[in-house]
1. Among (1) touching a Ser or Thr at 6+ places or on another chain (Cβ under 9 Å); (2) crowded, with 20+ Cβ neighbours inside 10 Å, where does ILE49 come up short?
2. Suppose the filter is under 28 Å from ALA120 (Cβ atoms), among the basic types (Lys, Arg) and crowded, with 19+ Cβ neighbours inside 10 Å; does ARG56 pass it?
3. How many residues does segment 25-36 hold that are touching a Lys or Arg at 6+ places or on another chain (Cβ under 9 Å) and open to solvent by 10 Å² or more (accessible area, probe 1.4 Å)?
4. Report yes if ARG48 is within 24 Å of LEU13 (Cβ to Cβ) and among the charged types (D, E, K, R), otherwise no.
5. Among the residues that make up segment 360-372, is at least one of them open to solvent by less than 60 Å² (accessible area, probe 1.4 Å) and among the β-branched types (Val, Ile, Thr)?
6. Scan segment 167-181 residue by residue and report those that are modelled with pLDDT under 85 and not in a helix (DSSP H, G or I).
7. The conditions are (1) at pLDDT 85 or above; (2) within 21 Å of ARG55 (Cβ to Cβ); (3) not charged (D, E, K, R), and ALA92 fails exactly one of them. Which is it?
8. Of everything in segment 283-308 that's modelled with pLDDT under 90 and charged (D, E, K, R), which residue is surrounded by the fewest Cβ atoms within 10 Å (Cβ to Cβ)?
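The values are calculated or read from the model by the stated rules, or taken from the named source; none is laboratory data. Quick caveat, the model's predicted, so the values are computed rather than measured. When we count neighbours, we look across all protein chains shown, and the Cβ atoms used for this are built from the backbone with ideal geometry, even at glycine. Heavy atoms of the whole protein, side chains included, go into the accessibility calculation; ligands, DNA and RNA do not. Shrake-Rupley method; radii C 1.70, N 1.55, O 1.52, S 1.80 Å.
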Amino acid sequence: MTDLPRQLPLSRLGHLIPPLVESQALVALVPTTADLVWAAKAAWDIARIAARGGRRVALVDLGIEEPSLHQTVGLTPSDGIVDAFEYGVSLAKAAHEVDGVFFIAAGSYTASAGDLYAHARWRKLQAGFRSEGALLLLFLSATGLSKLSAVADGAIVLAPEGLDPASAVGVELAAVAERGTPLLGVARDRWMPTPGPTPTFTELPEPGRRRRGARAAVATLVLVGVAVGGWALFASAGNSVPPPVPTPTSTPVAPIVRADTLAWTIQLAAYGTAAKALAHADQLADETGIAALVTPVRQNRAGTIWYRVLAGSYATRDQAAAARDALWRRGTMARGIGDLLRAPYSLAPETDTSLAALRHRGLPAIRWRNRVLIGAFETPEQAAFTEAKLTRARVRATLLPRVGTAQ
């Protein structure tokens, strides 16, 4: 990218987006900011603008590691693109029509995001959308775009302060452009970055009523195979179903912590992957008989996740300190290693799912006494990331305090 990309300030998207995408069948919306809430709102505005005038538009959340679009759209987690590609759920079933856009969420967790991007089905979908004059928008990272089996007809970067072509993501997008995907522009807060608060999204005010896709009502979206082996998007007339009355959400109440709660634990290490953390925990259990819980913890706004290895569960800080001293004396870990942490809550799966099955879904489950637990959390809020992963994996779990005798 030797030339500066075209600037697309939010206040002008309504005028700039339609001519940019009118001849495209597949366009990537690429966030390059740690503020995924901002990026998701920008992507949703672009999709609704493209659908003005009756063009059929589908928006797919391919932010597999940290799905965010469904919250902006106003839907709860449901079957999505992962379920369609990996588990055979139909795209028509996964799609929800909202504000004239057919939205497909990320869906279940997958440990094979690279395979999802590289799936040959994207080329067929692109051909089908092109044959129908429809538009497929994919919300995905620059890395995901570089792995996509289809060569997108264009990419729009979502960057509130603009894109630096010399940055790492700028170089990555330049490589994508060399592959044949032109950079259509950069959606940003304003023409040039200036100090001040981030403006609100006024281009498309929230409507008073949304048509949320009860699956039976998604008769307006039918994805069918065509003779060339691709997929085409057809819109058919049909009676709409009244939107369901949204269930009021309430602030979650923290579990009551009893006096005999095993709240204290020892943080031995933190790893960048669940696999390494689980290997450490399993080794500790084999060598010492002490169960170590593995806890995913978000470290910053960029969404970096570290997996803590937390050894043992103790009622008091003194008990945890004594257990740590014993580990030092045995040489299990070097003296000075091991922070004492009060983390009373764990997630207990309610469904009859084996330890191996949970781990296969990317969930850091361990055997704790006679049951399976996931994580040791300092607060209920800290468990939100893991709870979201459980929801995407369709595993029901309860957040509760660990109780009993120390181990």
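1. (1)
2. yes
3. Of the residues in segment 25-36, 3 are touching a Lys or Arg at 6+ places or on another chain (Cβ under 9 Å) and open to solvent by 10 Å² or more (accessible area, probe 1.4 Å).
4. Against the criterion (within 24 Å of LEU13 (Cβ to Cβ) and among the charged types (D, E, K, R)), ARG48 qualifies.
5. yes
6. Passing the criteria: only SER167.
7. Just one mismatch for ALA92, condition (1).
8. This residue is ASP286.
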